[in-house]
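These notes concern the structure reproduced below.
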2 protein chains.
Amino acid sequence: MEPGPLSRPAEQGRCVSGSPSAGAACPASLPSTAGAEPGSRPAAVAAVLPAGGCGERMGVRTPKQFCRVLERPLISYTLQALERVCWIKDIVVAVTRENMEAMRNIIQRYGHKRISLAEAGATRHRSIFNGLKALAEDQPDCKLTKPEVVIIHDAVRPFVDEDILLRVVTAANEHGAAGAIRPLVSTVISPSADGCLDHSLDRAKHRASEMPQAFLFDVIYEAYQQCSDYDLEFGTECLQLALKYCHTKAKLLEGSPDLWKVTYKQDLYAAESMIKEKISQEICVIENTKDEESVGYLLKEVLRNELNFVNITSTPLEHTGGNIQNFLIAQCYSFICVNVVSSNFQETQKFLGTLEESSLPLLYPVVVVLVYFLDLTLVPLTQEMENLMWIRELAKEVKKRNVLLSGLLINYSQDEQKLQESLRQGASIIGALVKERSSALAGQLLVA
Amino acid sequence: MEPGPLSRPAEQGRCVSGSPSAGAACPASLPSTAGAEPGSRPAAVAAVLPAGGCGERMGVRTPKQFCRVLERPLISYTLQALERVCWIKDIVVAVTRENMEAMRNIIQRYGHKRISLAEAGATRHRSIFNGLKALAEDQPDCKLTKPEVVIIHDAVRPFVDEDILLRVVTAANEHGAAGAIRPLVSTVISPSADGCLDHSLDRAKHRASEMPQAFLFDVIYEAYQQCSDYDLEFGTECLQLALKYCHTKAKLLEGSPDLWKVTYKQDLYAAESMIKEKISQEICVIENTKDEESVGYLLKEVLRNELNFVNITSTPLEHTGGNIQNFLIAQCYSFICVNVVSSNFQETQKFLGTLEESSLPLLYPVVVVLVYFLDLTLVPLTQEMENLMWIRELAKEVKKRNVLLSGLLINYSQDEQKLQESLRQGASIIGALVKERSSALAGQLLVA
């Protein structure tokens, strides 16, 4: 059997860096800022997410952080990305009063942990300031512990990974402030008052300031306390506040293109495709080992050949019950159940039951494809379809629980060439179902 | 019957603004630059597209302008967008010698018109200069006519529309140079030599310089002739060259978010989704009028309710032959053939034949859904499926010609509520087939 997904990083509120097996270094190795020996104890880190924007640039009424991607609000993906990093102790989200209840529902529904809410202000800077106040011990009713380092991140940058978070936190610990940057995609110009070109900036000498950023808490909190109403109203750059009010020159760190901010409608499309691609990377083939194993093996081989960059694991049906949680943790949301006989309605129900009983919320639609092999020269296709009509009914049922169930009949021809052709077609159908995760097509019986 | 698509703008090498019915003004109303009376004759306009980039930022080997979106190279979409504008007389594309043949194949395969090729240089500016030389009459072997105004556009900005092209050309005619700008998405900062923040720029006082840009030909050609090797090697901004060498202050015009440049992998995803969305806006329901019309009418109504923002037109089957070209011109690439009897293999073949005989290249995959209504209490589903097995074979055949054929059986229940439910499910299946255009799912018989 192939290595199971257990060796890959966990997610969903579970820490990836807490376990010794994780690849990334933990900021336990960061020098403490309290004057102790470097490396003596971990720096306490919290994060603040301003999420009070109204999304006017998106051209839609819903604020962009609440726009749905695969039915789930964008901000939930960003929270998920931060939660995975166990050394972030608290995550403070600043939302407007009117979205407070919606935000609480999101936290509950998707099982987010370590989240506190603060009220957003009228501008981004005011929201961040409110988030910082929730962490500052000088505030009345403060229930959180003041961190040494605070990360500031955008609710609409869901693809932040632990590597860049660790790098900004480490650099902030050393320099007082740090932020991710990217090369400029377009030349930046300065218009004159009459709307003509005054001058253009040398692209090589400038960078786009992105997120995440990190600061020694005392530095950025001091900066926000000192700064003017004008800064709070019209400013856009936290690094600039640290420079202006605390003379702290932020360290700039090159980030990956994935840090981009979901701003326009096309960004939302891109985010959806990125997320779909990410969760299509893992497919688990569940084999009904009571029957001959060769069919499942054949299918796995063809899936590996046809679906490049997809990791195909497999597990026997009787083991899925205990493993299902681990598969979900390992971001495997696609299950291909290989069957030789068509009468396994109960086994399928049992498997779907284990999905339902999982204590983890289903963060993505789960694709389940029931694959049946049949020799069309022996059994008429339509007879087999008749036998499988229960899939349509069951699919309707499980769709309510975010499971997309389909049936796939593969012609198990005695002719080797025809068999290979059917397997290839079957693999590409599976690829499309896994990649597109279309709820409209759930419940169908497809034929290869 | 609903208004046919003929009243909407044409495309595919056909000019949208040449006909008096087109909404946009034609630059025929531009003042001539040759000293004649304003409005006396149209300004001659050409376009130059630098397409010599290697796409290193995309993280893939294929240069981004040749990356495929729905199987078609991105640059073909950009050419299509420029070709639609009939007052652009010539389009010069600068490609590297090694991509020259591939580019010729693209032009031929997708029927692009008014395109000339120039050899790309080692940098963007050198490529543009080569493109301009191909239009300058002082060059030996020049076969093109020198334009008064030249548009410079990127091969990787496929969503440029006539409005912004007209605006930059008009402004260039008046000011000598003009370019599209966008607000900055991120704050721009200037790093110090040690990689720390030196200062950040006021976002409100700066803009991102985008494309298209336009110039009086003599201005920009002069600027390129005058400019230094350093400019050609390291410069990024044509507007800056016009300013520096011809003292021409470009007029800056606010563009739409659609002007964004496909730069990273996520941009390619976004482009694909945008294009899919665009071609999903038009669905034509083809009715077999020999039978009762009520079924097709019902389906159309439900499609209108379920698929928001989609324009549903309809036409009787016997008229499709002559109309098919008009539908394709009007960007309608989705056909729903409503049938009451299942024995219309020949009619379907005839319809698919008209698609094939169209003199226009199929720029997008065409979705054809054959819809059959049947009362499942009278006819067993599997019997009807048996009757429709020819769809699978025919689908394989037409897939080679970029037509994605599927069958859809809708339960025509006598129970009104059940019928409505089936119609709604059918509409959402049609919506998914039209939107996703997945070739892996062609040839399937789906059931609602």
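Taking A:GLU210, is it in contact (Cβ under 8 Å) with a residue 24 or more places away in the chain, crowded, with 22+ Cβ neighbours inside 10 Å and facing chain B (nearest Cβ under 8 Å)? Yes, satisfied. For the stretch B:396-430, the set of residues classified as closer than 25 Å to B:SER358 by Cα and assigned to a helix (DSSP H, G or I) consists of B:LYS396, B:GLU397, B:VAL398, B:LYS399, B:ILE430, listed by residue number. Quickly run through the stretch B:223-255 and pick out the residues that are modelled with pLDDT of 95 or more and polar (S, T, N, Q). Those that are modelled with pLDDT of 95 or more and polar (S, T, N, Q): B:GLN225, B:GLN226, B:SER228, B:GLN240, B:THR248.
Does the stretch B:127-144 hold any residues that are more than 14 Å from B:TYR221 (Cβ to Cβ) and touching a residue at least 40 places away in the same chain (Cβ under 8 Å), and which are they? B:SER127 - this is the single residue of the stretch B:127-144 that is more than 14 Å from B:TYR221 (Cβ to Cβ) and touching a residue at least 40 places away in the same chain (Cβ under 8 Å). Checking A:ALA427, A:ALA395 one by one, the residue that is touching an Asp or Glu at 6+ places or on another chain (Cβ under 8 Å), aliphatic (A, V, I, L, M), in the same structural domain as A:SER439 (by TED's automatic domain parsing) and buried (at least 19 other Cβ atoms within 10 Å of the Cβ) is A:ALA427 and no other. On the basis of being away from every other protein chain (no Cβ under 13 Å), under 26 Å from the mean Cα position of the chain (by Cα), within 30 Å of A:LEU376 (Cα to Cα) and not acidic (Asp, Glu), does B:VAL369 make the cut? When the stated conditions are applied, B:VAL369 does not pass them.
The residues of the stretch A:172-182 that are at the interface with chain B (Cβ under 10 Å from one of its Cβ atoms) and either part of a helix (DSSP H, G or I) or out of contact with any strand residue (DSSP E or B) (no Cβ under 7 Å at 6 or more places or on another chain) (or both) amount to a single one, A:HIS175. Give the stretch A:398-421 a look and list any residue that's buried (at least 21 other Cβ atoms within 10 Å of the Cβ) and either within 9 Å of chain B (Cβ to nearest Cβ) or not β-branched (Val, Ile, Thr) (or both), or say none. Answer for the stretch A:398-421, where residues must be buried (at least 21 other Cβ atoms within 10 Å of the Cβ) and either within 9 Å of chain B (Cβ to nearest Cβ) or not β-branched (Val, Ile, Thr) (or both): A:LEU404, A:LEU405, A:SER406, A:GLY407, A:LEU408, A:LEU409. Of A:VAL156, A:VAL185, A:VAL160, A:VAL169, all but one fail to be assigned to a loop (DSSP other than H, G, I, E, B), closer than 13 Å to A:LEU253 by Cβ and of a type outside the set (Gly, Ala, Ser); the exception is A:VAL160. Could you tell me whether B:SER186 is crowded, with 19+ Cβ neighbours inside 10 Å and either modelled with pLDDT under 95 or assigned by TED's automatic domain parsing to the domain that holds B:ILE164 (or both)? So B:SER186 passes the test. Report whether or not A:CYS227 is hydrophobic (A, V, I, L, M, F, W, C) and surrounded by fewer than 21 Cβ atoms within 10 Å (Cβ to Cβ). Yes.
For the stretch B:422-441, the set of residues classified as among the aliphatic types (A, V, I, L, M) and more than 10 Å from chain A (Cβ to nearest Cβ) consists of B:LEU423, B:VAL434, listed by residue number.
Restricting the stretch B:252-306 to residues that are within 30 Å of A:ASP198 (Cβ to Cβ) and small (Gly, Ala, Ser) leaves a set whose member that is surrounded by the most Cβ atoms within 10 Å (Cβ to Cβ) is B:GLY255.
I'd like the residue in the stretch A:375-420 that is in contact (Cβ under 8 Å) with a residue 12 or more places away in the chain and hydroxyl-bearing (Ser, Thr, Tyr) and, out of all such residues, is farthest from A:SER438 (Cα to Cα). Selected residue: A:THR377. Taking residues in the stretch B:217-238 that are in the same structural domain as B:GLY121 (by TED's automatic domain parsing) and over 11 Å from B:HIS125 (Cβ atoms), and partners anywhere that are surrounded by 19 or more Cβ atoms within 10 Å (Cβ to Cβ) and aromatic (Phe, Trp, Tyr), the pairs with Cβ atoms closer than 9 Å and at least 6 places apart or on different chains are B:TYR221/B:PHE129; B:TYR221/B:PHE215; B:GLN225/B:PHE129. In this structure, does B:PHE309 turn out to be buried (at least 20 other Cβ atoms within 10 Å of the Cβ) and modelled with pLDDT of 80 or more? It is false that B:PHE309 is buried (at least 20 other Cβ atoms within 10 Å of the Cβ) and modelled with pLDDT of 80 or more. Filtering the stretch B:373-390 to residues that are more than 11 Å from chain A (Cβ to nearest Cβ) and either within 39 Å of the chain's Cα centre (by Cα) or not in a loop (DSSP other than H, G, I, E, B) (or both) leaves B:PHE373, B:LEU374, B:TRP390.
Is it fair to say B:ALA270 is more than 8 Å from chain A (Cβ to nearest Cβ), more than 17 Å from A:LEU184 (Cβ to Cβ) and touching a helix residue (DSSP H, G or I) at 6+ places or on another chain (Cβ under 8 Å)? Here the answer is no, as B:ALA270 does not meet what is asked. Please work out if B:VAL169 is buried (at least 21 other Cβ atoms within 10 Å of the Cβ) and closer than 15 Å to B:LEU216 by Cβ. Yes. In the stretch A:206-244, which residue that is among the polar types (S, T, N, Q) and either assigned to a strand (DSSP E or B) or within 32 Å of the chain's Cα centre (by Cα) (or both) is nearest to A:ALA178 (Cα to Cα)? Ranking the candidates gives A:GLN213 first. Checked against (1) at the interface with chain A (Cβ under 9 Å from one of its Cβ atoms); (2) among the hydrophobic types (A, V, I, L, M, F, W, C); (3) within 30 Å of B:LEU299 (Cβ to Cβ), B:LEU253 meets all criteria but (3). Confirm whether B:ASP154 is free of Cβ contacts under 8 Å to residues at least 24 places away in the same chain, within 13 Å of chain A (Cβ to nearest Cβ) and under 28 Å from A:LEU259 (Cβ atoms). In short, no.
The values are calculated or read from the model by the stated rules, or taken from the named source; none is laboratory data. In this text, all values refer to a predicted model and were calculated from it rather than measured experimentally. When we count neighbours, we look across all protein chains shown, and the Cβ atoms used for this are built from the backbone with ideal geometry, even at glycine.
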